[in-house]
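The values are calculated or read from the model by the stated rules, or taken from the named source; none is laboratory data. Since this is a predicted model, take the numbers as computed values, not measurements. Cβ: placed from backbone, ideal geometry, glycine included. Neighbour counts: every protein chain shown. Accessible surface is based on the protein model in full, side chains and every heavy atom, while ligands, DNA and RNA are left aside. Shrake-Rupley method; radii C 1.70, N 1.55, O 1.52, S 1.80 Å.
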Amino acid sequence: MDLSSIEIFLAVASDRSVTKAAKAVGRVPSNVTTRIQQLEDDLGVLLFSRDGKKMTLTKEGETFHVYANRLSALALEARQAVRPRRPTGTLRLGTMESTAASRLPAALSRFNHMWPDVALQLTLGASRDLARDVLRDVLDCALIARPPKAMLDEDPDFADELRQLEAEPVFVEDLLLLLPSGHPAIRSAADLRVGSIAALEPGCTYRRIAEGWARRSSALPTTELGSYHAILASVATGNAAGVMPRSVLDLMHWPAPSATHQLAVVDTVLISRKTYRPSSFDAFHEVLGATKGKSVPRCRASRRPAVHPREILP
């Protein structure tokens, strides 16, 4: 087990293909196959399930993948410790779709201008999935919605995962329920005259906040959609109320006047591992701090006391 074997293993795990992994690491496919077999012989387990040309991690492979990411990150940390240098390499950044659309464009543009040697690898996903990927070293950091205490009380495993991460609030979002054109204002979910609530996937913190709000006075089902544009279209039909932050709604073209109902005020936090952060993370953190809040102004309803840095649990 050496660093080159770890690099090859991670490439195959990422691409699920020996041929693609060989191109990524600059080796011939036969060498990649041999190194994987040698690694499996050394560990005494099969790391991949072979299905034709497709390589899928086994249960043992999934376990080893976590350690391989740590070993690779530690090697990079050692190199940077003995030879400090300008941020280079790749920063693996995860973010919610809403944050990518409304908050990040200015920060990413500035980061690219300041640190052109850093390749930003952007991954979109739900808050829970992003947090787990940071914990597993699949991502270096991520921007997620800070879950409310009630959600964490219902999901102690998620709460335990978050305690293992560091976090810093960077944005504040007004979470809204967008009502169809002509729908009267509401005070609770019991006042809704629609067939469902339209939201993103189950791992989305915004969706779970909306579902918790609705459960108190209604049994409305949730319609799962793949994007905020799809949610807006669903609201336009008059059959659903849509869940989205105000910053996203302000970016979208909504032709008809409609009422909204504020569900919550939610912090967006930047999470990272406590054990290791690459120098590119510090550079991104600095740029984010310089640009946060400039892309979409906060409305007055969003003002709230600051959350102490590094505190993610309510």
Search the range 133-161 for residues that are in contact (Cβ under 8 Å) with a residue 24 or more places away in the chain and more than 28 Å from Leu91 (Cα to Cα) and pair each with any residue that is among the charged types (D, E, K, R) and open to solvent by 10 Å² or more (accessible area, probe 1.4 Å) when their beta-carbon atoms are under 6 Å apart and the residues are at least 6 apart or on different chains. Met151/Arg208
Kindly indicate whether any position in the range 45-54 is within 23 Å of Asp133 (Cβ to Cβ), of a type in the set (Phe, Trp, Tyr) and not in a helix (DSSP H, G or I). yes
Quick check on my filter: what residues within the range 50-72 are farther than 20 Å from Arg92 by Cα and open to solvent by 60 Å² or more (accessible area, probe 1.4 Å)? Arg50, Asp51, Gly52, Lys53, Lys54, Lys59, Glu60, Thr63
Can you find, within the range 210-226, the residue that is nearest to His253 (Cα to Cα) among those that are touching a helix residue (DSSP H, G or I) at 6+ places or on another chain (Cβ under 7 Å) and in contact (Cβ under 8 Å) with a residue 40 or more places away in the chain? Trp213
Filter the range 181-193 down to residues that are crowded, with 20+ Cβ neighbours inside 10 Å and in contact (Cβ under 8 Å) with a residue 40 or more places away in the chain, then give me how many there are. 1
Yes or no: the range 243-260 includes at least one residue that is over 22 Å from Leu143 (Cα atoms), open to solvent by less than 20 Å² (accessible area, probe 1.4 Å) and at pLDDT 90 or above. no
Just to be sure I understand, how many residues within the range 151-202 are more than 21 Å from Val235 (Cα to Cα) and not aromatic (Phe, Trp, Tyr)? 20
Taking the range 1-28 on its own, how many of its residues are open to solvent by 60 Å² or more (accessible area, probe 1.4 Å), without any contact (Cβ under 8 Å) to a residue 60 or more places away in the chain and part of a helix (DSSP H, G or I)? 5
Search the range 214-242 for residues being buried (at least 19 other Cβ atoms within 10 Å of the Cβ) and β-branched (Val, Ile, Thr), and hand back the single one that is farthest from the chain's Cα centre (by Cα). Val235
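Here is a yes/no grid of residues against (1) closer than 30 Å to Asp174 by Cα; (2) out of contact with any Ser or Thr (no Cβ under 7 Å at 6 or more places or on another chain); (3) surrounded by 13 or more Cβ atoms within 10 Å (Cβ to Cβ); (4) free of Cβ contacts under 8 Å to residues at least 12 places away in the same chain:
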position	(1), (2), (3), (4)
Leu43	no, yes, yes, no
Gly89	no, no, yes, no
Ser102	yes, no, yes, no
Gln121	yes, no, no, no
